[in-house]
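I have placed the structure first, in the form of structure tokens, so that the comments after it can refer back to it.
The values are calculated or read from the model by the stated rules, or taken from the named source; none is laboratory data. Keep in mind it's a predicted model, so treat the numbers as computed, not measured. With ideal geometry, Cβ positions are generated from the backbone for all residues, glycine too; neighbour counts draw on all protein chains shown. Heads up: the accessible areas ignore ligands, DNA and RNA and are worked out on the full protein's heavy atoms, side chains in. Shrake-Rupley method; radii C 1.70, N 1.55, O 1.52, S 1.80 Å.
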Amino acid sequence: MIGIIAFACMQASTPKPQVIAASIFKNGYTLLVREVPVQGSGEITLTDLPHPSLGTFWISASDGIQIEDVIRRQDISKEKRMRNAGVFTDILDANLGKVVRLTIIENGSNKTVEGKLLTNQGDIVLVRTTDETLALLKSKITDISAPGGNLAYQVPDPPPFTDVVDIKFNSKGSGKIYLVGIESGMIWTPGYSLDISDKKNVHLTAKATVVNDLAELKDIDAQFVSGFPNVPFLGQIEPFLSSQVYAQENFGGGGRAGFALQNAPAAAPTARDESNTASSFATGEEGTQNEDLYFYKHPHMTLKSGERGYYILFDFTAPYNDLYTVDLPNTVSDNTNYQLASGVPDVWHTIRFKDQTKEPLTTGTATVFQDGQVLGQDTLTYTSIGATADVKMAKALDVHADQDEIEVSRERGALKLWNGIQLDLVTVKGSVQLESYKSGAVKLQVTKLFTGELVSADHEPTSTKVAKNLQEANPHGRLQWTITLNPKEKATLTYTYKLYVRPN
């Protein structure tokens, strides 16, 4: 922790802001809170400046401190630096005032001149020998050496410009100044382990992997954030901290910055109450819901820049069900381009369970284990508290499905559009044949997406209809059957729908 900095007679100091809190998002951006302790009235100069996105950088102070002025400027470094000579004239400059030995070309032959190097200006160098002072053309010199081997080869490097921020403030006591901003260079990735070794219950463990290439984190309050806030200017540097010359259109809301990224931050974390005790080993504290975002908490995080962290968020055990799923896609494109569906769709062995924790499950990879073996992996999509999650584990080779569709009838020119195009009304009948070779009964869920109006369907599926857009000829729908198949049992599901199509 940075110690308290005392000021006398407005004497400036150059403390280094320390990160005290971070809200880490899945898209490579992080909301960092930096802190600088101060004492009394004075001025601080910050040299290690952040690079936050436009509109996200804010400076504030604790109670009792009034910030009077904040100025960003460029400062010339007082550090003297040397660099190795890169051209011949640099070598001459480095040896001014020293005795050197020069080899020059004169009348087609080499000649050696030894003496004190006086000047190196333009095309001429002046050398004072024991007998005389010579003016030599620099272009005639082929090499240079020093008696005794002490040839200088380094020259002064011009001091660099450094961006700094001066903050003047008034205070009668001690306090803190805070810098808040969204910065690039840190990301978190969620992952889940689903262990189904006991056959009835799934044991879920949630982890967070953190890649930190941004800043040093030392015993900070970290939060892993899930959600889709609207932050359109990610990647566009805050102008107060940028040396770029800006035109007015840079800030006039002239379009988004092209960052339609998931999980950009929208709220600042708060500093930890120092009286809080440490969380239990291996898991973080219970998270919090903040409007449409969820914050998984992990206090006391220490991670240097360039390091990666592995953290357990939470775990729980819940009953699960084996489910075999068949997804039949919609084969109609652009609403009226018609193609009959047929083929052998995949049947997936899926496990279904409820989120029985007090925290949602954010989208992440989920790997299924049983007795130490990996059974499969899927993407676990966002699951609200108490909602049901499905994870596809593996293809079910012992449960077969077959799909087929036929055109039953066609009414030519049944619909005439405003632009003169005529559409045919087609009636389609489809069927799905199912068969199980499992040793026990299996539960199947078959989902069919289609474009058009449903006419009929057997086996009592759940039917969902989506209203068509104004410029579309057909609505959209979904059928979902849930059936049970006994060993070696077969079943056929049929459905009929109508849709307007372009004539063939």
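Can you give the net charge of the other residues whose Cβ lies under 10 Å from the Cβ of I105, counting K and R as +1 and D and E as -1? Provide the component values of the computation, followed by the final result.
Details: positive: K111, K140; negative: E106.
Combined, the nearby Lys, Arg, Asp and Glu give +1.
Ligands, DNA and RNA are left out, and with a 1.4 angstrom probe the accessible area of the range 1-153 is 56 Å² per residue.
Take every Cα pair under 8 Å in the chain that's 6+ residues apart, average their separations, divide by the length, and report that relative contact order as a whole percent. The value is 14 percent.
Each Lys or Arg adds one and each Asp or Glu subtracts one; over the other residues with Cβ under 12 Å from the Cβ of A146, this totals +1. The charge dipole of the chain, taken about its Cα centre with unit charges on the Cβ atoms of Lys, Arg (+1), Asp and Glu (-1) only, comes to about 420 debye.
Here the peptides 60-72, 16-28, 342-354 are ranked by packing, the mean other Cβ count within 10 Å, and the order with the highest first is 16-28, 342-354, 60-72. Report which label in (i) 3, 13, 15, 14, 14, 13, 10, 7, 5, 4, 1, 0; (ii) 4, 17, 26, 25, 18, 8, 2, 0, 0; (iii) 4, 18, 29, 28, 15, 5, 1, 0 holds the value of P(r) over Cα pairs in 10 Å bins from 0, in percent derived from the coordinates of this structure. It is the one labelled (i). Translational diffusion of the range 289-373, estimated by Stokes-Einstein from the Kirkwood radius over alpha carbon pairs at 4 °C in a medium of 1.567 mPa s, is 71 µm² per second. Candidate cross-link partners of K116 among the lysines, defined by an alpha-carbon separation under 28 Å and a same-chain spacing of 8 or more, comprise K80, K98, K138, K140.
I need to check one value: relative contact order of the range 390-504, counting alpha carbon pairs closer than 8 Å and at least 6 residues apart, in percent. Please list the in-between numbers first.
Working: 249 pairs, mean separation 37.0, N = 115.
This gives 32 percent for the range 390-504.
On the protein heavy atoms, probe 1.4 angstrom, tell me the percent of accessible surface of the range 1-155 carried by carbon and sulfur.
On the way: 4230 of 8680 Å².
Whole-percent figure for carbon plus sulfur exposure: 49.
The range 384-411 and the range 143-206 have their alpha-carbon centroids 49 Å apart.
Please say if the range 127-174 is rounded, prolate or oblate, where rounded means a/c under 1.5 for a ≥ b ≥ c the square roots of the C-alpha gyration tensor eigenvalues, and otherwise the choice is prolate for a/b larger than b/c and oblate otherwise?
Details: a/c = 4.23, a/b = 3.79, b/c = 1.11.
Here the range 127-174 falls in the prolate category.
Would you work out which of I91, L31, T45 lies farthest towards the positive end of the dipole of the range 20-108? Charges go on Cβ: Lys and Arg +1, Asp and Glu -1. So the residue we want is I91. For the charge dipole of the range 152-238, defined by +1 on Lys and Arg C-beta atoms and -1 on Asp and Glu C-beta atoms about the Cα centroid, which residue among I177, A222, I167 has the Cα displaced farthest towards the positive pole? In the range 152-238, that residue is A222. Along its first, second and third principal axes, ordered by size, the range 383-442 spans 55, 36, 16 Å in Cα coordinates. Projected label points at N170 and V455, each 7 Å from Cα along the beta carbon direction, are separated by 8.5 nanometres. Using the 1.4 Å probe convention, the accessible area of the range 277-427 works out to 54 Å² per residue with neighbouring protein chains retained.
Ligands, DNA and RNA left out, the accessible area of the range 344-461 computed with a 1.4 Å probe is 49% carbon and sulfur.
Among the listed pairs K200/K297; K448/K488; K16/K297; K26/K395; K395/K490; K297/K392, which have their C-alpha atoms separated by more than 22 angstrom in this model? If you can, show how the numbers build up before the last one.
On the way: K200/K297 30 Å; K448/K488 24 Å; K16/K297 26 Å; K26/K395 30 Å; K395/K490 19 Å; K297/K392 29 Å.
Long pairs (Cα-Cα over 22 Å): K200/K297; K448/K488; K16/K297; K26/K395; K297/K392.
Using the Cβ of P229 as centre and a radius below 9 Å, the other residues enclosed give a net charge of -2, where K and R count +1 and D and E count -1. Solvent-accessible area of L102, all protein chains in place: 0 Å² (probe radius 1.4 Å, heavy atoms, ligands and nucleic acids excluded).
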